[in-house]
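Throughout, read-outs are computed from the coordinates displayed, never taken from laboratory work. Quick caveat: nothing in here was measured; it's all calculated off a predicted structure. Because the Cβ atoms are built from the backbone with ideal geometry, glycine has one as well, and the counts that use them run over all protein chains shown.
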Amino acid sequence: MAKKNKSALEEKKGISISEITNSSSIKSIQNKRKVEVDTNTLIASILNKDITALSRAITLVESKNPKHLEKANATIKGCLPHANKSIRIGITGVPGVGKSTFIETFGKYLTSLGKRVAVLAIDPTSTITKGSILGDKTRMEELVKDENAFIRPSASGDSLGGVARKTRESIILCEAAGFDVIIIETVGVGQSETTVHSMVDFFLLLKLAGAGDELQGIKRGIMEMADAIAINKADGDNLKHARLAKVEFNRALHLYPEKESEWQPKVTLCSALHNEGIDAIWKIILDYIQLTTKNTYFQAKRNDQNKFWLIQTIENQLKSDFFNAPKIKKELIKQLQLIEDNKTTPFAAAYYLLKL
């Protein structure tokens, strides 16, 4: 009976038990299961609003494997003619300001209007363990279930300002997949704001009233980049503080020189938890888009951003090529040891390596 069962199993699977137990056969089976990414099929699926294909394409462009670069570039090139039709919104604020709750409430409001929303959430990478929690899908549990929403958490890695590598290309892929609004959540207040500002149309700064960071926010200059400031958690006992903070921020904004866009940044109150003031923020964004489209600033800004990312990509590739060169890898170890032994300076060592 056992023998009969064995042969039935072999006949059904089309492979003998002895082959299965052979390690080389196992490897052969695994290799057969690996399906090569067909670029044309991937592009067609993305344009057909296939979320699985979109996720796969983003994984491809985020890959550090040099073999994936050519396919990633081909995918982006194929999607590019179908991109650039969304509103790109950058959202930032200090940790604890309620970014995830706000984005979920804001996203649900937009999908209720018939919009398709993609959220590219950047998770900070630990400098010690090199790991990321990537917990945005857990925090936005209502939005993640919405069929008109797509949430993609990415680890920031060691890229500039904590912004995930290839976020710019991910925007293009999301736009090609038919998303009307692309939201980019930054890791928090810091250098990442400058980088996110260089890839979005509208920059929203979330603030808290009475948190002691009002003047600090002004000093950091992040307010200068903001197209609007939303004071979150403006509810209950905190509503009075929020109204006072709104007056202070409005005063501060008038100290800045007029923006090239001719837009005067707005300050508004909201409570993401109670779904209050969300519609007012969307109206502010639409007013901004209408003004900047009319005075041609909208397209001019996107053109400047494309030029910036050209230079940025070249710099990143040069850096990657430099440190991955076998000769540099070998000599870098020697130079680091010489610095440790106080036999050379960092500047002399760098000059030597660059000459190589």
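What the table shows:
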{"read-out": "Mean shadow area of the range 194-329 over all directions, Cα convex hull, nm²", "value": "11.0 nm²"}
{"read-out": "Extension gain from Asn84 to Thr194, taking 0.36 nm per residue of separation minus the Cα-Cα distance", "value": "37.5 nm"}
{"read-out": "Residues with amide H under 5 Å from that of Ile87, placed H, sequence gap 5 or more", "value": "Val181, Ile182"}
{"read-out": "Asp38 paired with Thr101, simple spin-label distance in nm, labels 7 Å along Cα-to-beta-carbon", "value": "4.8 nm"}
{"read-out": "Cβ-Cβ FRET estimate between Ala74 and Asp50, R0 fixed at 25 Å, reported to 0.05", "value": "0.90"}
{"read-out": "Length released on extending from Leu255 to Arg243, taking residue separation times 0.36 nm less the Cα-Cα span", "value": "2.4 nm"}
{"read-out": "Extension gain from Lys343 to Asn316, taking 0.36 nm per residue of separation minus the Cα-Cα distance", "value": "6.7 nm"}
{"read-out": "Point-to-point label distance, Leu354-Lys307, nm (Cα→Cβ direction, 7 Å offset)", "value": "2.5 nm"}
{"read-out": "Within the range 262-279, backbone nitrogen closer than 16 Å to the virtual label 7 Å beyond the Cα of Ala300 toward Cβ", "value": "262-264"}
{"read-out": "Residue-by-residue Karplus 3J(HN,Hα) for the range 198-207, coefficients 6.51, -1.76, 1.60, Hz, glycine and proline x", "value": "7, 9, 10, 8, 10, 10, 10, 9, 8, 10"}
